[in-house]
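Here is the structure we will look at.
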Amino acid sequence: MTEEISPRERLEIVREKMANAARGVGRDPDDVCLIAVGKTFDAEAIRPVIEAGQRSFGENRVQEAQGKWPDLKVQYPDLEFHLIGPMQSNKVKDAVGLFDVIHTVDRPKIARVLAEEIVRSGINPKLLVQVNTGEESQKAGVFPKETDDFVKVCREDHGLTISGLMCIPPADEEPSLHFALLAKIADRLELPELSMGMSSDYETAIQFGATYVRVGSAVFGERQAHKHG
Ligand SMILES: *Cc1c(COP(=O)(O)O)cnc(C)c1O
């Protein structure tokens, strides 16, 4: 069925649902940014979504992003890129060069290497800390109880500006509990940005205060290969 719907129509449906979710809780729809997650899709699959007016795109792997975005960036200079997957320290330089927002700052070593690269390059991406709200061993992110200390280390030891928090709730749990927890921690730390909500739960995330939703399959259709979720 979904194959018969064009990318433009899918995008319109998502935008409409986002706006309704925001208005339903008295929020301005313009305060929520849709990140279209293009992982596993090539430039030709992404182009129609750009042509339909989408400007913010997310990738979970630095290397995959490097393979397809630089050319599109030349053609569409106003695109904005978001790194939403875990980062190795040897990829920090590339990530800072390519992404406008990094959602996955998750350990002291990455904070240190990022700080060095930001000073060296003079490029200043917006930074979010990933929180492993479900305390899952296979997932990246700091645990909720470690978040205050980690944000403090980022700010005070490394001079980084942290703008918000990001989470990926456990697949088998009620996401709203995790969204509420992330919102509470962000509120306590006075962090304005909340990156939460994917294709299955972005409306709920908006009800709980998401300022970024990361939506892949609802925009692009089902992914073929099962790479990193
Ligand atoms: C793939 C991915 C998404 C988008 O997932 P969908 O369920 O296709 O919307 C969002 N966030 C992260 C971190 C991802 O890796």
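The values are calculated or read from the model by the stated rules, or taken from the named source; none is laboratory data. As the structure is a prediction and not an experimental result, all values here were calculated from the model. With ideal geometry, Cβ positions are generated from the backbone for all residues, glycine too; neighbour counts draw on all protein chains shown.
Comparison of 205, 186, 180, 210 shows that the only residue that is within 18 Å of residue 37 (Cα to Cα), at pLDDT 95 or above and in a helix (DSSP H, G or I) is 205.
Of the listed requirements (1) within 16 Å of the ligand (Cβ to nearest atom); (2) under 23 Å from residue 91 (Cα atoms); (3) modelled with pLDDT of 95 or more, residue 153 misses just one: (1). Can you name the residue in region 1-41 that is in contact (Cβ under 8 Å) with a residue 60 or more places away in the chain and of a type in the set (S, T, N, Q) and is also farthest from residue 194 (Cα to Cα) among such residues? Across region 1-41, the extreme among qualifying residues is 2. Pairs linking a residue in region 188-207 that is touching a residue at least 12 places away in the same chain (Cβ under 8 Å) and near the ligand (Cβ under 8 Å from one of its atoms) to a residue that is assigned to a loop (DSSP other than H, G, I, E, B) and among the small types (Gly, Ala, Ser), with Cβ atoms under 9 Å and 6 or more positions apart or on different chains, are 198/216; 199/216; 202/210.
Per the conditions (1) surrounded by 23 or more Cβ atoms within 10 Å (Cβ to Cβ); (2) within 22 Å of residue 7 (Cβ to Cβ), the sole criterion not satisfied by residue 68 is (1). Of the helices (runs of 4 or more DSSP H) lying entirely inside region 51-160, the ones with 1 or more residues being within 15 Å of the chain's Cα centre (by Cα) and closer than 17 Å to residue 36 by Cβ are found at 62-75, 92-98.
Can residue 180 be described as surrounded by fewer than 19 Cβ atoms within 10 Å (Cβ to Cβ) and of a type outside the set (D, E, K, R)? So residue 180 fits the description; yes. For residue 11, the requirement of being surrounded by 15 or more Cβ atoms within 10 Å (Cβ to Cβ), within 14 Å of the ligand (Cβ to nearest atom) and in a strand (DSSP E or B) is not met. Being closer than 20 Å to residue 148 by Cα, hydrophobic (A, V, I, L, M, F, W, C) and more than 15 Å from the ligand (Cβ to nearest atom) is a condition met by no residue of region 83-100.
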